[in-house]
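One structure is given here, and the rest of the page talks about it.
The values are calculated or read from the model by the stated rules, or taken from the named source; none is laboratory data. This one's a predicted model, so the numbers in the text were calculated from it and none came from an experiment. Virtual Cβ from ideal backbone geometry, glycine too; neighbours counted across all protein chains shown.
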Amino acid sequence: MDDHRAQVEELLADYRRSREQLATVQRELAAVSGEASSPDGTVRAVVGPGGKLAGLELSELAYRRHRPEQLAELIVRTVAAAAASAAEDTYKALSTVLPAAADPAALVAGTADLAPAEYEPQVAQQPARRRVDDDEDNEQRESWLDSELINRRV
């Protein structure tokens, strides 16, 4: 009987350790954040757990240096970089409780036990989206914002 009691006590101790380890990982995941700035420093993004946008800062220069469509693309790229940074922290936290062969990124993506053909979207080929280059229009040196103000005064 003592042998069974010792086994039960050992199982309970293992359960408590596992539960505490899980609680620690949950706290780490809840505290995950990522931050990124655009190369020119005009956009700064902060994301929280799950890559959710938590903060976005635009310098006054952002409106002068970039046309609206360029600024929108720069914001999207900067938020994506912040989300990638947060994802790395998520993967690190999860890797402490996953088996060595498990891929934390695949687990988060929901594809851990699927073959690519099972989760990759089967969509028709769409035309490539034209990428706006910051220096695309060298002839137009004035800010789009200044142009808008000039047009309103006329």
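Go over the candidates VAL46, VAL32 one by one and state the one that is closer than 21 Å to ASP89 by Cβ, among the β-branched types (Val, Ile, Thr) and in a loop (DSSP other than H, G, I, E, B).
Result: VAL32 is the single residue among VAL46, VAL32 that is closer than 21 Å to ASP89 by Cβ, among the β-branched types (Val, Ile, Thr) and in a loop (DSSP other than H, G, I, E, B).
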Quick one: ALA82 ticks every box in (1) of a type outside the set (Ser, Thr, Tyr); (2) out of contact with any Gly (no Cβ under 7 Å at 6 or more places or on another chain); (3) in a helix (DSSP H, G or I) bar one, so which box is it? (2)
Checking ALA72, ALA30, ALA54 in turn, the sole residue that is within 23 Å of VAL108 (Cβ to Cβ), hydrophobic (A, V, I, L, M, F, W, C) and either at pLDDT 95 or above or in contact with a Lys or Arg (Cβ under 8 Å, 6 or more places away or on another chain) (or both) turns out to be ALA54
Out of everything in the stretch 91-107 that is in contact with a helix residue (DSSP H, G or I) (Cβ under 6 Å, 6 or more places away or on another chain) and part of a helix (DSSP H, G or I), what residue ends up being surrounded by the fewest Cβ atoms within 10 Å (Cβ to Cβ)? ALA105
Within the stretch 43-75, how many residues turn out to be under 30 Å from VAL25 (Cβ atoms) and not charged (D, E, K, R)? 11
